[in-house]
Every structure is written in structure tokens, then in C-alpha cells.
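The values are calculated or read from the model by the stated rules, or taken from the named source; none is laboratory data. Please read all numbers here as calculations on a predicted model, not as lab measurements. Cβ placement follows ideal geometry from the backbone for every residue including glycine, while neighbour counts extend to all protein chains displayed.
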Amino acid sequence: MSATESDPAFGIQHSRHLIGAMALAVLWTVESVAPMFAGRQRRLSHITTNLALAAINAIIASGFAFAILSVTEWAHTQPFGLLNLTPIPAWLHWLGAIVLFDCWQYWWHRFNHRIPFLWRFHAVHHSDVEMDASSGVRFHTGEMVLSFLARLAVLPLIGLTMPQLLLYEAILLPVILFHHSNMRISNRADRCLRWLIVTPWMHYVHHSRWQPETDSNYTSFLSIWDRLFGSFRLR
């Protein structure tokens, strides 16, 4: 089973790649003229390295596409999973899918900090000492493999469909690139935005070299999870 150009999932996936590329290009350009932290060196080699790793991970992700499609389709037709077992309108199913999967992303990130085996891979992301927007796609391939294996269990348990997963990732990627960016943003704008999404100042704390700060602000999209589960921290 594969996506075709008439398949909604194909359109979402194509849009996801386009949105991500455009967001990275815009943020990287803005960082060049209005950086939060000035004096960054070798920016071109930095983004090249991070994008090369991202390209490898994209190939790995494509290898899991059929397995993920299979488990989500199975859960939808059975029906199986929290959202499929609950009689709710279609719009609420989509909203619930995004919110519940974002909650899972929070806990998966937190596990990557708390479990030594997972941290060995996740540490590659934190080893980027001069963050910019491209740091948002810098992940060890081993971490990506483990993440996709975990998804094979989590997706059917929640009851996500493939289009819902792709839509979530299309929304998530620009937010991740934004809060990793070195783009100058006012304290007021950051304070307003972080009531809803993760912002640069919020995520800079997470990339601190002081462990109590590193072990905070785990969420990737909706900032509510850190507030709800007691891991929100600002300097």
C-alpha cells in the first residue's frame, strides 16, 4: 500500500516537506541579519552538517512508512485505539489526535533524558553548542529508529490515522525550527507565544549545560505539557 497523488496523505506529506523547507530557509535568513546571539562562525558548514544528518534520517523514516501505514489502517478498521473507540465528531477526532500525540512526544522526549540508554543517542542533539534553526533536525539516526519503533505501538493505541500523523508533523516541524532558531525575538513576543507553543527562550533553557535546566521544557509543540507535568522552567 502506498500513497498516490490522489491520496490526501500524499498531499499532506508533500506540503509537510515544502513547509519545512520554506520555514528553514526563512528562519536561517532572518538569523543572518537579526541574530539573538551574534558572532556565530561557520554557519554554512554547520547547516550542511545538520542537513546531511537530516537527509539520512529521512531515508530511515521512509523505510518505516509502510509499517506505520499498516498499523494505523488496522487500528482504524478494527476499530482499535482510544479515538476509534470513542464516538466523537470527525473534527474532534483530528484535534484529539494532534493533542494526544503531542502529549506522547513530550513523554518520549522526557524518557530520552531520563533513561541512560536513550540519552546516549539524544545527546547528539544537545551536542550542538551553537544552535540555529537547522539544529531542529539534528538527531542521531539511532534515536530516530527507536522513535519510529515506539510509534508502531503508540499510534494504534491512540487511534491516529496516517493523514493525522502527517498533518501533526507538518505543523510541528516549523515550530521546532522556530524554537531552535537564533532569530532575535522580543521578550514580550516570546512571553505571549509561549502560552501556546514552545519558543526560543523557553527552549534555550532546555539546551543549557546545567542539568536541572536541561531536564526541563521537554515539549516540542504545545507548551501546556511542561506546565501540566511540572517541568516548565525559565531562567
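Got at least one residue in the stretch 116-136 being among the aliphatic types (A, V, I, L, M) and under 22 Å from Ala21 (Cβ atoms)? Before you say what the answer is, go through the steps one by one.
First pass over the stretch 116-136, keeping only residues among the aliphatic types (A, V, I, L, M): 118, 123-124, 129, 131, 133.
Keeping just the survivors that are under 22 Å from Ala21 (Cβ atoms) gives 131, 133.
Yes, the stretch 116-136 contains a residue that is among the aliphatic types (A, V, I, L, M) and under 22 Å from Ala21 (Cβ atoms).
In the stretch 152-164, what residues are among the hydrophobic types (A, V, I, L, M, F, W, C), part of a helix (DSSP H, G or I) and over 26 Å from Phe117 (Cα atoms)?
Start the filter on the stretch 152-164 by keeping residues that are among the hydrophobic types (A, V, I, L, M, F, W, C), which leaves 152-155, 157-158, 160, 162.
Imposing the further condition that a residue be part of a helix (DSSP H, G or I) reduces the set to 152-155, 157-158, 162.
Met162, the sole residue that qualifies.
Taking Leu234 as the residue in question, decide whether it is in contact with a Phe, Trp or Tyr (Cβ under 9 Å, 6 or more places away or on another chain) and either at negative phi or crowded, with 16+ Cβ neighbours inside 10 Å (or both). First the steps, then the outcome.
Numbers: in contact with a Phe, Trp or Tyr (Cβ under 9 Å, 6 or more places away or on another chain): yes; either at negative phi or crowded, with 16+ Cβ neighbours inside 10 Å (or both): yes.
So Leu234 passes the test.
Report every pair of residues separated by at least 6 positions or lying on different chains whose Cβ atoms are under 9 Å apart, first residue within the stretch 33-54 and small (Gly, Ala, Ser), second part of a strand (DSSP E or B) and surrounded by 15 or more Cβ atoms within 10 Å (Cβ to Cβ).
Ala34/Met183
Which residue pairs have Cβ atoms closer than 6 Å, lie 6 or more positions apart in sequence or on different chains, and pair a first residue in the stretch 109-128 that is in contact (Cβ under 8 Å) with a residue 24 or more places away in the chain with a second residue that is among the acidic types (Asp, Glu) and assigned to a helix (DSSP H, G or I)?
Phe121/Glu143
Out of Ala189, Ala150, Ala170, which single residue is at pLDDT below 95 and of a type in the set (Gly, Ala, Ser)?
Values: Ala189 fails: at pLDDT below 95; Ala150 fails: at pLDDT below 95.
Matching residue, one of Ala189, Ala150, Ala170: Ala170.
Condition first: out of contact with any helix residue (DSSP H, G or I) (no Cβ under 6 Å at 6 or more places or on another chain), among the charged types (D, E, K, R) and farther than 18 Å from Ala58 by Cβ. Now tell me which residues in the stretch 143-194 satisfy that.
Matches in the stretch 143-194: Arg184, Arg188, Arg191.
So if I check each of Ala65, Ala54, which one is surrounded by 12 or more Cβ atoms within 10 Å (Cβ to Cβ) and either within 15 Å of His140 (Cβ to Cβ) or more than 22 Å from the chain's Cα centre (by Cα) (or both)?
Details: Ala65 fails: either within 15 Å of His140 (Cβ to Cβ) or more than 22 Å from the chain's Cα centre (by Cα) (or both).
Answer to the selection: Ala54.
Which of the residues spanning the stretch 180-208 are in a loop (DSSP other than H, G, I, E, B) and touching a Pro at 6+ places or on another chain (Cβ under 8 Å)?
Initially, the stretch 180-208 is screened for residues in a loop (DSSP other than H, G, I, E, B), giving 181-182, 184-186, 194-196, 198-199, 207-208.
Across the stretch 180-208, the qualifying residues are Ser181, Asn182, Arg184, Ile185.
Testing Thr29 on (1) within 17 Å of Glu169 (Cα to Cα); (2) loosely packed, with under 14 Cβ neighbours inside 10 Å, one condition comes back false. Which one is that?
Evaluating Thr29 over (1) within 17 Å of Glu169 (Cα to Cα); (2) loosely packed, with under 14 Cβ neighbours inside 10 Å leaves (1) as the failure.
Return the only residue of Leu177, Leu149 being in contact with a Leu (Cβ under 7 Å, 6 or more places away or on another chain) and in a helix (DSSP H, G or I).
Working: Leu149 fails: in contact with a Leu (Cβ under 7 Å, 6 or more places away or on another chain).
The conditions single out Leu177.
Among the residues of the stretch 72-91, is any at pLDDT 90 or above, within 17 Å of the chain's Cα centre (by Cα), surrounded by 13 or more Cβ atoms within 10 Å (Cβ to Cβ) and not polar (S, T, N, Q)?
Within the stretch 72-91, not a single residue is at pLDDT 90 or above, within 17 Å of the chain's Cα centre (by Cα), surrounded by 13 or more Cβ atoms within 10 Å (Cβ to Cβ) and not polar (S, T, N, Q).
Looking at Ile224, Ile158, can you tell me which residue is under 23 Å from Thr72 (Cα atoms), at pLDDT 95 or above and either touching a strand residue (DSSP E or B) at 6+ places or on another chain (Cβ under 6 Å) or among the β-branched types (Val, Ile, Thr) (or both)?
Numbers: Ile224 fails: under 23 Å from Thr72 (Cα atoms).
The conditions single out Ile158.
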